[in-house]
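**Q** Have a look at this one.
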Amino acid sequence: MTYVILDSNTSLGLKTSLLEEQSRALDLLCTITTVLQDPLTSASLSTAQFASGSFLQPLAEAVFPLLTHLLSEDIKQKALETMASLIGTCKQLVLQYARRAAQAQGEGQPQVEEEARRSGASVKEMLRAMTLRTCGEVFKSLQDEDGDVDSMVAEAAGLNDCLSKAGGEVFTDEEVAQQALNVFSALEKSFERRIDISARKNRQDEEVDEDDMLRLEEEDQQEQTLRSSLLEIVGTLMATHPKEFLRSKASEAAAAFVQQFLREDAPDEDKSVALYVCDDILQHLKEDGLSLWPLFMPRLIQCLLSSDARVLQAAAYGVQQGALLQQAFQPFVQEAAKNLLTAVNRSQKTKNKMEQAATDNTAAALGDLLRCYGGSMHEEEQRVLLSAWLGNLPLKQDETEGLRMHKFLMEAVLQNNAVVLGPNASNLPRLLQILCAVYRTDFSDSDLNEEIKKLFAQINASGQPAPLAALCQNFTAKEQKKLQKILK
């Protein structure tokens, strides 16, 4: 028997064997709706028994009560994973009905088209109801004053998965705003707990020993992880419902949050969290979010000078996203470039993983400025930025940014990019050295590996623009050995 004490007068118990059965049932259902998603949705289109996804609603109704399971956090998490799978199946069915309607329209079958649109609308309403109810149950748990923070982290991540799988065109403006406001409410409670943790660290009336301090540091880190997980939900809402987000109170709440926690005297931890929201605005709302830029862009660029790795990394990522918007970001290019140069020149000493990741993102931001604006820069500005960028390649910690930058480097070589290659291709030896270094590492992929191999073979065979041996004469012994392997 498994028990839980609800309060001083109440307890709850359930046979452990029944809990195990619930867990196995959720595992099975999640597997079926994930692995067999395509056959299930196809059956819904062709079989009356499964028409309009009728099998999904009773399954969801059976899972919903388990989202607030009082006896097992494991079952709660499995229930949330299962809901994400059911929501994903429902979304897939909505898309299939839309494709069928479009096909019928093209083939001049109005009756089939109307039936597909009607069924699609019915499934879409089911999707909306399932997702909204899941949000309601999870946010209720996230507001629990006595909730376990690790469990909250898992619930926030699980809910984000549900929202990602639900995709766009599900919520109204008001519903998007409600989910965003729920996130910011949960964030506020996390910040309140952070204040309490800080107060306990600094208590004067009793000694805080080393074990207590370690425990408090762990609690603090858990809260930081929770805040990051919660903000992933805000980013997903922006990505899936950008217009609804901007039209509703969600954008006002995001703006207020950024202004509160990105102020100059805010702790670095708070600044980094606020910058995550700024990054999402730039990445997901793009030019549509321009009205929000004056609230944060000057501070974001100023944060490139921060000595805190979390703040620097988030600010650099924001510059990357802004640079991709080109004309909109043009007024900020000069100041961003200046601060990025200061950041990379300051961080040349041995770094821990977090600091190296921040440096990687800073270097990647320099690369994006060169790619998007290099052609319009003065020659000296090009030279300085290019030197700093190449001096920090290959990237060493952030594999995603590393692959992106190294592919850009290869693209620049293949397209004879004058900015990157420099006068008379004077930078080519350094570019080849970088490409040799990343060959068959985690900072490359099969496509890039193949392009690197072809490039070296082509130069070796043609001797153009210079003999390969001359271009690679400054390679280290290790790099020379690797070069021979590439040429085999």
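The values are calculated or read from the model by the stated rules, or taken from the named source; none is laboratory data. Bear in mind that the values here come from a model prediction, so they are computed numbers and not experimental data. Positions of Cβ are generated from backbone atoms using ideal geometry, with glycine treated the same way; all protein chains shown enter the neighbour counts.
**Q** Of all residues in the stretch 255-291 being of a type in the set (K, R) and over 20 Å from T236 (Cβ atoms), which is surrounded by the most Cβ atoms within 10 Å (Cβ to Cβ)?
**A** K271
**Q** Mind listing just one residue for me: the one in the stretch 107-138 that is of a type in the set (V, I, T) and within 22 Å of L237 (Cα to Cα) and, of those, farthest from the chain's Cα centre (by Cα)?
**A** V123
**Q** OK, next. Return only the number of the condition from (1) surrounded by fewer than 21 Cβ atoms within 10 Å (Cβ to Cβ); (2) without any contact (Cβ under 8 Å) to a residue 40 or more places away in the chain; (3) farther than 19 Å from D173 by Cα that L325 does not satisfy.
**A** Tallying (1) surrounded by fewer than 21 Cβ atoms within 10 Å (Cβ to Cβ); (2) without any contact (Cβ under 8 Å) to a residue 40 or more places away in the chain; (3) farther than 19 Å from D173 by Cα, L325 fails exactly one: (2).
**Q** Somewhere in the stretch 165-175, is a residue more than 23 Å from S85 (Cβ to Cβ) and touching a helix residue (DSSP H, G or I) at 6+ places or on another chain (Cβ under 8 Å)?
**A** Yes, the stretch 165-175 contains a residue that is more than 23 Å from S85 (Cβ to Cβ) and touching a helix residue (DSSP H, G or I) at 6+ places or on another chain (Cβ under 8 Å).
**Q** If you don't mind, there's one more thing I want to ask. With the stretch 171-254 as the region, which helices (runs of 4 or more DSSP H) entirely inside it contain at least 1 residues that are in contact (Cβ under 8 Å) with a residue 24 or more places away in the chain and under 22 Å from R310 (Cβ atoms)? Give the steps one after another, and end with the answer.
**A** Details: elements: 173-201, 210-240, 242-247.
So the answer is 173-201, 210-240.
**Q** Of the numbered conditions (1) modelled with pLDDT under 90; (2) in contact with an Asp or Glu (Cβ under 6 Å, 6 or more places away or on another chain), T47 satisfies every one except a single condition; which is it?
**A** Here T47 clears every test but (2).
**Q** Within the stretch 404-460, can you find the residues that are closer than 18 Å to D360 by Cα, of a type in the set (D, E, K, R) and out of contact with any Leu (no Cβ under 8 Å at 6 or more places or on another chain)?
**A** R404, D442
**Q** Checking F139 against (1) within 30 Å of S23 (Cα to Cα); (2) aromatic (F, W, Y); (3) crowded, with 24+ Cβ neighbours inside 10 Å, only one condition comes out false. Which one?
**A** Here F139 clears every test but (3).
**Q** To continue, here is another question. The conditions are (1) touching a helix residue (DSSP H, G or I) at 6+ places or on another chain (Cβ under 9 Å); (2) surrounded by fewer than 18 Cβ atoms within 10 Å (Cβ to Cβ); (3) not aromatic (F, W, Y), and P294 fails exactly one of them. Which is it?
**A** The single condition P294 does not satisfy is (1).
**Q** Can I ask one more? Among (1) in contact (Cβ under 8 Å) with a residue 12 or more places away in the chain; (2) in a helix (DSSP H, G or I); (3) out of contact with any Asp or Glu (no Cβ under 8 Å at 6 or more places or on another chain), where does P394 come up short?
**A** Going through (1) in contact (Cβ under 8 Å) with a residue 12 or more places away in the chain; (2) in a helix (DSSP H, G or I); (3) out of contact with any Asp or Glu (no Cβ under 8 Å at 6 or more places or on another chain) one by one, P394 breaks only (2).
**Q** OK, next. Of the residues E114, E61, E81, E73, which single one is touching a helix residue (DSSP H, G or I) at 6+ places or on another chain (Cβ under 9 Å), among the acidic types (D, E), within 23 Å of E21 (Cα to Cα) and surrounded by fewer than 17 Cβ atoms within 10 Å (Cβ to Cβ)?
**A** Residue meeting the stated conditions: E73.
**Q** Report yes if N361 is under 23 Å from M410 (Cα atoms), within 26 Å of the chain's Cα centre (by Cα), part of a helix (DSSP H, G or I) and not β-branched (V, I, T), otherwise no.
**A** The answer is yes for N361.
**Q** Here is a check on your reading of the model: is S164 among the hydroxyl-bearing types (S, T, Y) and not assigned by TED's automatic domain parsing to the domain that holds M83?
**A** No.
**Q** State the number of residues belonging to the stretch 410-434 that are on the phi > 0 side of the Ramachandran plot and either of a type outside the set (S, T, N, Q) or not assigned by TED's automatic domain parsing to the domain that holds L448 (or both). Quick ask: steps written out before the conclusion?
**A** Here is the first cut: in the stretch 410-434, the residues on the phi > 0 side of the Ramachandran plot are 416, 422, 424-425.
So of that shortlist, the ones also either of a type outside the set (S, T, N, Q) or not assigned by TED's automatic domain parsing to the domain that holds L448 (or both) come out as 422, 425.
Number of matching residues: 2.
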